[in-house]
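The values are calculated or read from the model by the stated rules, or taken from the named source; none is laboratory data. Because the structure is a prediction, the values reported are computed rather than measured. So basically every Cβ, Gly included, is an ideal-geometry build from the backbone, and we count neighbours across all protein chains shown. When the accessible area is computed, the model is the full protein with side chains, heavy atoms only, and any ligands, DNA or RNA have been set aside. Shrake-Rupley method; radii C 1.70, N 1.55, O 1.52, S 1.80 Å.
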Amino acid sequence: MQRVLITGAAGFLGSHLCDRFIKDGFHVIGMDNLITGDLKNIEHLFKHEHFEFYHHDVSKFIHVPGKLDYILHFASPASPIDYLKIPIQTLKVGSLGIHNCLGLARVKKARVMIASTSEVYGDPTVHPQTEAYWGNVNPVGPRGVYDEAKRFQEAMTMAYHTFHGVETRIVRIFNTYGPRMRLNDGRVLPAFIGQALRGEDLTVFGDGSQTRSFCYVDDLVEGIVRLLMSDYAQPVNIGNPDEITISEFAEEIIKLTGTQQKVIYKPLPTDDPKQRRPDITVARQLLGWEPKVNRAEGLKITYDYFKSLSPDDLNKIEHKDFTNYNR
Ligand code: UDP
């Protein structure tokens, strides 16, 4: 039986990956320090004999007994609000965390995949973004802790590949959505749906002309699995090229939810990228992959998930004290 370690297992993407690898017949070892992850996302897997969970911070030395075939490093705060609150942990999980994963991979002769991001392109001056574009990142801005951690992570991964011969895969993930996103993590989709459900106005930042391209989580997971099983060590964009402005997106959520509320405008956060759309030519040619779920279908499933949450979850403002994590 093949064994896979997934860091960030209790998070949005990590938990969907755990589900997929269990379904595909793997022995899955999930790891998470639960700063931003939630055990609710993987609770259903605990009864499974081929699922184990380690409550551990991957930025500290990792020990996993037995063989390992794959390591997927998906642990990281991933919303702009999270990395503003826990900037040091964000830097550590992208640097120390991947160093530990790569060290473990060397010993176990495992293949490593890292979750990189469209944030490596920063506020892009090339549109759409191809893997060949090097990006336009402000290292000392609020997003720098995330963007530079992810860029360092790519460099470290490539160095272990060329210097130590570790098998590595780099997926550059564009905006992804679906069930198990945190309702209050500040990202645009849960923010808008949460506002609609609570009967609040929808907050569009800036003039709403900035664009994003949203990929449904099942499509992303399929792309990830295909890339992992390929023999390609260079970065690959996985995302949905269907681009939309944030204003149009707010209108779509208003229609979907039937809310009577309106859009209100708030200041644009510093260094907020003006446009983002993946060029997925490489994924199409190399992996035969492209997204299958359109936004209307994906949003409906996601809305149904958020509607199924309890009123407590809906009204919960995250009061978690992150002080101890910024060391
Ligand atoms: N955004 C918004 N209202 C919100 C939250 C986000 O208009 O309540 C905007 C944000 O400024 C950005 C886009 O939506 O332009 C996507 O933001 P998100 O935080 O989801 O992810 P990003 O792609 O910026 O990392």
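For the stretch 53-202, taking Cα atoms only, Rg and Dmax work out to 16.9, 55 Å respectively. Neighbours of Ala75, meaning other residues whose beta-carbon lies under 9 angstrom from its beta-carbon, give a summed charge of -2 when Lys and Arg score +1 and Asp and Glu score -1. Normalised by the number of residues in the chain, the mean separation of alpha-carbon contacts (under 8 Å, six or more apart) gives a relative contact order of 17 percent. The Asp207 and Thr323 beta-carbon pair, evaluated with R₀ = 35 Å, returns a calculated FRET efficiency of approximately 0.50.
For the stretch 53-99, the share of accessible area belonging to carbon and sulfur comes to 69 percent (1.4 Å probe, ligands and nucleic acids excluded).
Rounded to the nearest Hz, the phi-derived 3J(HN,Hα) couplings of the stretch 78-86 under the Karplus curve 6.51 cos²θ - 1.76 cosθ + 1.60 (θ = phi - 60°) are 9, 10, x, 5, 4, 6, 6, 7, 10, where x marks glycine and proline.
Of the residues Asp279, Asp32, ranked by 1.4 Å probe accessible area with the largest first, the sequence reads Asp279, Asp32. The Kirkwood radius of the stretch 33-124, taken over pairs of alpha-carbon atoms, gives through the Stokes-Einstein law at 20 °C and 1.002 mPa s a diffusion coefficient of 146 µm² s⁻¹.
Counting only Cα atoms, the stretch 157-264 measures 57, 26, 22 Å along its principal axes, largest extent leading.
Using the Cβ of Val282 as centre and a radius below 13 Å, the other residues enclosed give a net charge of +1, where K and R count +1 and D and E count -1.
Taking every full run of DSSP H in the chain, the ones that stretch at least 30 Å from end to end by Cα along their long axis and average 0.0 or higher on the Kyte-Doolittle scale are 87-108. Rg and Dmax, both from the Cα atoms of the stretch 108-180 and both in Å, are 13.6, 40.
Mean sequence separation of contacting Cα pairs (under 8 Å, at least six apart), scaled by the length of the stretch 217-316, corresponds to a relative contact order of 41 percent.
A 1.4 Å probe run over the stretch 115-221, with the rest of the protein chains in place, finds 34 Å² accessible per residue. The alpha carbons of the chain occupy a box of 57, 44, 41 Å along the principal axes, longest dimension given first.
Which distance in nm do the two modelled labels at Thr245 and Leu34 give, with both placed 7 Å along the Cα-to-Cβ direction? My value for the distance between the label points is 4.4 nm. Peptide packing for 197-209, 90-102 was compared via the average number of neighbouring C-beta atoms within 10 Å per residue; ordered from the highest value, the list is 90-102, 197-209. The length gained by stretching the chain between Asp231 and Asn138 to full extension, at 0.36 nm per residue less their Cα-Cα distance, is 30.2 nm.
As a rough guide to protection, the peptides 175-182, 248-255, 227-234 ranked by mean Cβ packing within 10 Å, highest first, stand as 175-182, 248-255, 227-234.
How big is the C-alpha Rg of the stretch 190-327 next to the rule-of-thumb value 2.2 N^0.38 Å, as a ratio?
1.24
Summing Lys and Arg as +1 and Asp and Glu as -1 over all other residues whose Cβ lies under 10 Å from the Cβ of Ile264 gives a net charge of 0. In the chain, the calculated helix contribution to ellipticity at 222 nm averages -11500 deg cm²/dmol per residue, counting -39,500 (n - 2.57) for every DSSP H run with n ≥ 4. Annotation: the antiparallel percentage among DSSP beta bridges lying fully within the chain is about 10.
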